[in-house]
1. For segment 29-70, which positions are among the hydrophobic types (A, V, I, L, M, F, W, C) and part of a strand (DSSP E or B)?
2. In segment 63-73, is there at least one residue being closer than 11 Å to LEU2 by Cβ, of a type in the set (A, V, I, L, M, F, W, C) and under 10 Å from the mean Cα position of the chain (by Cα)?
3. Condition (residue is on the phi > 0 side of the Ramachandran plot and open to solvent by 30 Å² or more (accessible area, probe 1.4 Å)) applied to segment 22-33: is it met by at least one residue?
4. Kindly establish whether ILE49 is touching a helix residue (DSSP H, G or I) at 6+ places or on another chain (Cβ under 9 Å), modelled with pLDDT of 90 or more and among the β-branched types (Val, Ile, Thr).
5. Given the conditions (1) more than 23 Å from LEU79 (Cβ to Cβ); (2) surrounded by fewer than 15 Cβ atoms within 10 Å (Cβ to Cβ), report the number of the one that GLY13 does not fulfil.
6. When you look at ARG66, is it open to solvent by 70 Å² or more (accessible area, probe 1.4 Å) and touching a Phe, Trp or Tyr at 6+ places or on another chain (Cβ under 7 Å), yes or no?
7. From the list LYS69, LYS44, LYS22, which residue is basic (Lys, Arg) and in contact (Cβ under 8 Å) with a residue 12 or more places away in the chain?
Amino acid sequence: MLTVDSEPIVRYGLMRLIDAQKTLCVCGDAGSLPVARDWCRLEKPDVVILDPAMGDGFGFIREVPRWHKSTRVVVLTALED
């Protein structure tokens, strides 16, 4: 699982919550979309948790299947729109 958010405290909190589960693990975290792209290409995570408010977050979501077709994206945001 890869966490992608511009706020370090959000990534840290998500990683702690996820790592507390016996069947889940975090393979990495990214504070920017370029770093997230590199992680996805190299690590091919099963799940990406992403705040789409980061730059072109929705464009990133469209790109994910190019790197690994079975990767799923979970959108987590504080935005109301």
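The values are calculated or read from the model by the stated rules, or taken from the named source; none is laboratory data. As the structure is a prediction and not an experimental result, all values here were calculated from the model. Note that we place each Cβ from the backbone using ideal geometry, even for glycine, and neighbour counts take in every protein chain shown. Accessible surface areas use protein heavy atoms only, side chains included; no ligands, DNA or RNA. Shrake-Rupley method; radii C 1.70, N 1.55, O 1.52, S 1.80 Å.
1. Correct list: ALA30, VAL47, VAL48, ILE49, LEU50.
2. Yes, segment 63-73 contains a residue that is closer than 11 Å to LEU2 by Cβ, of a type in the set (A, V, I, L, M, F, W, C) and under 10 Å from the mean Cα position of the chain (by Cα).
3. No: segment 22-33 contains no residue that is on the phi > 0 side of the Ramachandran plot and open to solvent by 30 Å² or more (accessible area, probe 1.4 Å).
4. So ILE49 passes the test.
5. (1)
6. Details: open to solvent by 70 Å² or more (accessible area, probe 1.4 Å): yes; touching a Phe, Trp or Tyr at 6+ places or on another chain (Cβ under 7 Å): no.
Criteria not met by ARG66.
7. Result: LYS44 is the single residue among LYS69, LYS44, LYS22 that is basic (Lys, Arg) and in contact (Cβ under 8 Å) with a residue 12 or more places away in the chain.
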